[in-house]
1. So which aspartates and glutamates can B:K53 reach, going by Cα to Cα under 16 Å and dropping same-chain residues fewer than 8 places off?
2. Averaging sequence separations of C-alpha pairs under 8 Å and six or more residues apart, then dividing by the length of segment A:64-271, give the relative contact order as a whole percent.
3. Fully extended, how many nm does the chain gain between A:F147 and A:L172 (0.36 nm per residue separation, minus their Cα-Cα distance)?
4. Using only Cα positions of chain B, each an equal point scatterer, no hydration layer, compute I(q)/I(0) via Debye at q = 0.12 Å⁻¹ and quote the log10 values to two decimals.
5. Do you know the relative contact order of segment B:91-224, to the nearest whole percent, from alpha carbon pairs under 8 angstrom that are 6+ apart?
6. Once both labels are modelled 7 Å past Cα along the beta-carbon direction, what's the B:E175-B:D13 spacing in nm?
7. Quick check for me: using +1 on Lys/Arg Cβ and -1 on Asp/Glu Cβ, what's the dipole size of the protein assembly as shown about its Cα centre, in debye to the nearest 20?
8. How large is log10 I(q)/I(0) at q = 0.12 Å⁻¹ when the Debye formula is applied to the Cα atoms of the protein assembly as shown, each weighted equally and without solvent?
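No lab work stands behind these numbers, since they all come straight from the coordinates. Predicted model only: the values in this text are computed from it and were never measured. So basically every Cβ, Gly included, is an ideal-geometry build from the backbone, and we count neighbours across all protein chains shown.
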Amino acid sequence: MTGHATSNAWSSLKGAAALAAPPLAEKRRTFDGRVLLGFFLPIAVAVLWELAVRFGLAQGRLVPPPSRIFTTLLALAETGELWTHVWATLWRVLVGFVLGAAGGIVLGGLSGSAETIRRLLDPTLQALRAIPSIAWVPLFILWLGIFEASKVALIAVGVFFPVYLGIAGAILSVDRKLVEVGQVFRLSRYKLAKRILLPAVLPEALISLRSGLGLGFMFVVAAEFMGASEGLGYLLVDGQQMGKPDQILAAIIAFALLGKLADSLLVFSTRPLVRWQDVVRERL
Amino acid sequence: MLSLEHLTKIYADGTRALADINLSVRESEIVALIGGSGCGKTTLLRLIAGLDKASAGAIRLDDETITEPHPAIGIVFQEPRLLPWLSVADNVAFGLEALSTPERKARVEHALEKIGLAEHERRWPRDLSGGQQQRVAIARAFVAHPKVLLLDEPFSALDAFTRASLHEHLLTLWEETRPTVVLVTHDVQEAVTLADRAIVMQPKPGRIFDELPLSLARPRDKTGLPFETSVRRVLTALDHSLNTPHQEQPRERDRQAAALWW
């Protein structure tokens, strides 16, 4: 019994140390000042260009200085024009993303978990995947008109494939050893899926959703290029046709912010689901 | 009683992993399967666990034939195989879904107490050391109160100190419900520490070479002469089991050499 007691003390000591030490260390590492180093290059370039235009070294007509882009962005925001465009774009991405991701999750799930369905579905889907998604545009316009439906369809197609591939791949690569634990406890197929497969595929599934979302933003631009009266993509085309590079750059900045925001939102809202992961990076 | 009758396993590629295994294990007996690598110990355990199907022969537990995982048979694998998304307590409770919540809680708490991890119940497996994780895996198997517990070299990846303490934990847990235990190991000391009987196995194809009763009184004194004698007996049997095929090997090599000569 002494062995029992000593091992107890030993484990709790070690446990306590492990409990206390790493979170602090990690926090300290997160607030590393070197993060700021990343801002140096873009800010330096912006300041240099601003100065070059101010001192008349460059004209700044085709490449407007940061201050002018900022003014344009502010003006667009003040008139409310920016929000109309942002909202239109966000709405399209959201609907397209939801449709594409839902399709990808359902078909990816089926194809990953049932051999017969995989043999039936996968070859066709892989063949369709080989088609550049933009190539669908003319067909979608013919079928769905030039308004919202065709745009959303294009985005949904763009989102679908990475999600489908990610989910199916994640299910196929679930550790056999964990599945066996479920088998030993005689879980039914449904229970096995719910208690082992689903949590096991979550991290990879979320990554595929993120890349799907990224593609969604890519395709919304393509969709808005092909004829739209509002949306950030329209702002881009309008800026080009009217010769307003500051407007183009303002729209690009809006895209960057929006994309990053949507991605962060996805990451943060799903973080509690994958907190258990034992990974190197805490932040990506 | 667990009985194996003419158990044979041939893999799809033709490898004969097990040939004609006959063995019966009494209730509450601890049996150690010992042997060099590749003698089918793990395969045998997977068959009893119902994770693989035998090519011939039968496994019976109290007149019930085992062909798939059975509620009365639990297994602890070589690796802890904890589910990384469940807390320590939820991992232990994994097989207890059918029980009522208070009953489940009581069993899990009791088991965690026994293995000395009560204060870690809300933590994730990743925060535990290898030895602690393996203890959780053992508790997960024990809380389901199996009649037969299979242990597949569960301590092989751990250092000697941790291993010794885990042997203690295992025996205290075993005392409570006294299940039949089939322990696969390649550690003779471990076999003599835990088992009532050592089954020495032989490779290619995997079969039983010898059986040695280890009727030492518990708790066992690892420094005493009887312990030493038992270890030596098992080692000798193990040596013989490994030597027999060695004598055949030169002949095999000669034949291959002859084939090359031609």
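1. Once the sequence-local aspartates and glutamates are set aside, what remains near B:K53 is A:E180, B:E5, B:D13, B:D20, B:E64, B:E68.
2. 29
3. 5.1 nm
4. Those come out to -0.75, one per q.
5. 20
6. Calculated label separation equals 4.6 nm.
7. 660
8. At q = 0.12 Å⁻¹ the computed log10 ratios are -1.15.
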